[in-house]
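The values are calculated or read from the model by the stated rules, or taken from the named source; none is laboratory data. Being a predicted model, the structure only gives us computed values, none of them experimental. All Cβ positions, even for glycine, are placed from backbone atoms using ideal geometry, and neighbour counts span all protein chains on display. All accessible areas refer to the heavy atoms of the entire protein, side chains included, with ligands and DNA or RNA removed. Shrake-Rupley method; radii C 1.70, N 1.55, O 1.52, S 1.80 Å.
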Amino acid sequence: MTTGSSSTSTATPGGGISTFKGEERALRADRLGTGGLLLSVLAATAPLMVVAGVMPTTYAVMGIVGQPLLFVVLGVVLILFSVGYAEMSRHVHNAGAFYAYISRGLGGTAGASAAMVALVAYNALQVGIYGIFGFEVSGLLATYADLDVAWWIPALLAVLAVGTLGWLKIDVNARVLGVLLLIEVALVVVFDIAAVADPGAEGLSLHAFNPDTLTGAGVGTALCFCIAAFLGFEQAPVYAEETSRPHVLVPRVMFLAVAGVAVFFALSSWALTVATGPSKIVGTAQEQSAGLLFFLTESRLGGTFTDVLHVLFVTGMFAALLSFHNVVARYAFAMGREGLLPAAFGRTSGTSGAPGTGSLLQTAVSAVVVIGFAIADDKPAGDPTEPVLHLFTWGGNIGALGVIVLMAAASFSVVAFFARRGAAGPQGVRLATSVLAGVALLVIAGYTVKDFDVLVGAGPDSSLSWVLPGIIGLAAAGGLVQGLLLRSRAPERHARIGQGNEAFQLDKAASP
């Protein structure tokens, strides 16, 4: 016992300190099994939002018929990425995930930069969804309840609901996410079956899987749209400290998530081409826009099914909001625990073991951004320049760019981490896959920056084409500066970056 302390301290198996203060520094273990972790991760992919939103947009804007093949190609790239990423997860169990891995491979300064990029990127992804969520709920209330409600009212109510759930035990969150996810997946599967059973004039054509469909200037940008649909699978290591066997469960969940998402989205995007006919999918998507899926279900499955689909479209977005909220809160917790944010963020709430302060931070950021866009909103509903629509497109693409950059950096950090340990044999194969994945992800990141004006719907001469991706650049630079300052002024704090609970064994050894 430390003299003058009001609590005792003992080391935990995970390397934490089991005092009251120590419990604040450690997430509660054994909260999630394979099912709960998989559902928490997959909820962020928002399957219905991708099928109803991302896929029609990609067909309409890019004119690429081979979108199903793109999902297969990206699935292969992300499987290659996951080989090294999963192996890293067996050695590093830290809620900081990306930045912890990058710290272990490329050093603490690079890790500090990655931490700031992750915090900004996942916040942008989460907050951006509030825009489309509020827009859709407002539309549902106008259609079915004859109520004229401004988009920001349901958006702010969702901020409050998500923030409240973020304080609960993660296993409670997993059950909420699981129910919402399974229902929306089931509805999409029903549509897929209906499309195959009642195809368009061209029948059960496999033309969308023909490599010849991946030609033209829009392929690179289409890759950017499609890779955003996978975001969520990489979050599994964030929950490593809250599982019973992270070295087993985290790799298992990542491979299940990537493979499942690739197959599901490839088949669903193919079902869209079957329903319209490959030669008509681009024109129909341009005509129907985000209403494409609902237009196709109306004629095959009826109005009631389509109405239910509209409602589940909204609940699926809520599930994604909660999933990203949990990730941001855990990144903030890991950063606070290691001195990259104030120490208050590195504590958990006493009753649920959730990272309460990080949850409050994410809730506050969401509320401020939604209120800011609400104040700027002086356009009529449905106007393409309406700020609420900008909130979704800007936030989503800023976040996607940040995560793509993090995945590329993590791939090379895996190589550095295992190369220093004399990797050979199977480890050498893992290093090769990480190099291939890292190069492919850098190419996709380059296309994302190059075509950012297309992604956010701005003109080629718009300042948004460099201002918005510049936010990720500023985050990376800011974290890099913080890392350099810590290395020169507080080397003991710099040495903790990416160490997680292991760093606090050092504290315990150094305490009187």
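Residue by residue, here is whether (1) in contact with a strand residue (DSSP E or B) (Cβ under 7 Å, 6 or more places away or on another chain); (2) of a type in the set (Phe, Trp, Tyr) holds:
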{"site": "Asp212", "(1), (2)": "no, no"}
{"site": "Cys224", "(1), (2)": "no, no"}
{"site": "Phe230", "(1), (2)": "no, yes"}
{"site": "Thr243", "(1), (2)": "yes, no"}
{"site": "Val258", "(1), (2)": "no, no"}
{"site": "Ala262", "(1), (2)": "no, no"}
{"site": "Trp270", "(1), (2)": "no, yes"}
{"site": "Gly277", "(1), (2)": "no, no"}
{"site": "Gly283", "(1), (2)": "no, no"}
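Residue-by-condition table, conditions (1) open to solvent by less than 30 Å² (accessible area, probe 1.4 Å); (2) under 23 Å from Phe345 (Cβ atoms); (3) out of contact with any Asp or Glu (no Cβ under 8 Å at 6 or more places or on another chain):
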site: Tyr85; (1), (2), (3): yes, no, no
site: Ala97; (1), (2), (3): yes, yes, no
site: Tyr101; (1), (2), (3): yes, yes, yes
site: Tyr130; (1), (2), (3): yes, yes, yes
site: Ala155; (1), (2), (3): yes, no, yes
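Would a scan of segment 254-271 turn up a residue that is free of Cβ contacts under 8 Å to residues at least 60 places away in the same chain and under 28 Å from Ser40 (Cα atoms)? The answer is no, given that none of the residues of segment 254-271 is free of Cβ contacts under 8 Å to residues at least 60 places away in the same chain and under 28 Å from Ser40 (Cα atoms). The residues listed here are Ser289, Ser349; of these, the one that is surrounded by fewer than 24 Cβ atoms within 10 Å (Cβ to Cβ), at pLDDT below 85 and either β-branched (Val, Ile, Thr) or more than 30 Å from Tyr59 (Cβ to Cβ) (or both) is Ser349.
Of the residues screened, Leu341 is one that is assigned to a loop (DSSP other than H, G, I, E, B), under 19 Å from Thr357 (Cβ atoms) and in contact with a helix residue (DSSP H, G or I) (Cβ under 6 Å, 6 or more places away or on another chain). Residue under question is Val196, and the condition is that it be modelled with pLDDT of 90 or more and touching a Leu at 6+ places or on another chain (Cβ under 8 Å); does it hold? Taking the combined requirement at face value, the residue satisfies it. Scanning segment 237-252 finds one or more residues that are under 22 Å from Leu78 (Cβ atoms) and not in a helix (DSSP H, G or I). Would you mind stating whether Leu39 is closer than 30 Å to Gln288 by Cα, assigned to a helix (DSSP H, G or I) and either open to solvent by less than 10 Å² (accessible area, probe 1.4 Å) or modelled with pLDDT under 90 (or both)? Considered against the rule, which asks whether it is closer than 30 Å to Gln288 by Cα, assigned to a helix (DSSP H, G or I) and either open to solvent by less than 10 Å² (accessible area, probe 1.4 Å) or modelled with pLDDT under 90 (or both), Leu39 comes out as no. Scanning segment 227-242 for residues that are under 21 Å from Phe333 (Cα atoms) and open to solvent by 10 Å² or more (accessible area, probe 1.4 Å) yields a total of 1.
Regarding segment 58-75, can at least one residue be identified that is buried (at least 24 other Cβ atoms within 10 Å of the Cβ) and farther than 24 Å from Phe209 by Cα? Within segment 58-75, none of the residues are buried (at least 24 other Cβ atoms within 10 Å of the Cβ) and farther than 24 Å from Phe209 by Cα. Look through segment 210-248, keep the residues that are touching a Gly at 6+ places or on another chain (Cβ under 7 Å) and among the hydrophobic types (A, V, I, L, M, F, W, C), and return whichever of them is farthest from Pro56 (Cα to Cα). Residue satisfying both the conditions and the ranking: Leu214. Kindly check whether there is at least one residue in segment 306-321 that is within 30 Å of Ile64 (Cβ to Cβ) and either without any contact (Cβ under 8 Å) to a residue 24 or more places away in the chain or outside any helix (DSSP H, G or I) (or both). Within segment 306-321 (the criterion being within 30 Å of Ile64 (Cβ to Cβ) and either without any contact (Cβ under 8 Å) to a residue 24 or more places away in the chain or outside any helix (DSSP H, G or I) (or both)), the answer is yes, since at least one residue qualifies.
A quick yes/no check of all residues on (1) at pLDDT 85 or above; (2) of a type in the set (Phe, Trp, Tyr); (3) open to solvent by 50 Å² or more (accessible area, probe 1.4 Å):
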| position | (1), (2), (3) |
| --- | --- |
| His310 | yes, no, no |
| Gly316 | yes, no, no |
| Leu321 | yes, no, no |
| Thr357 | yes, no, no |
| Gln362 | yes, no, no |
| Ser366 | yes, no, no |
| Phe373 | yes, yes, no |
| Pro380 | no, no, yes |
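Quick check, is Leu204 in contact with a helix residue (DSSP H, G or I) (Cβ under 9 Å, 6 or more places away or on another chain), outside any helix (DSSP H, G or I), open to solvent by 20 Å² or more (accessible area, probe 1.4 Å) and not hydroxyl-bearing (Ser, Thr, Tyr)? Judged against the criteria, Leu204 is a match. Residues that are open to solvent by 20 Å² or more (accessible area, probe 1.4 Å) and not small (Gly, Ala, Ser) occur at least once in segment 325-341.
Checked against the criterion of being in a loop (DSSP other than H, G, I, E, B) and open to solvent by less than 10 Å² (accessible area, probe 1.4 Å), segment 253-272 has no qualifying residue. Looking only at residues that are assigned to a loop (DSSP other than H, G, I, E, B) and surrounded by fewer than 24 Cβ atoms within 10 Å (Cβ to Cβ) in segment 17-36, which one is modelled with the highest pLDDT? Ranking the candidates gives Gly33 first.
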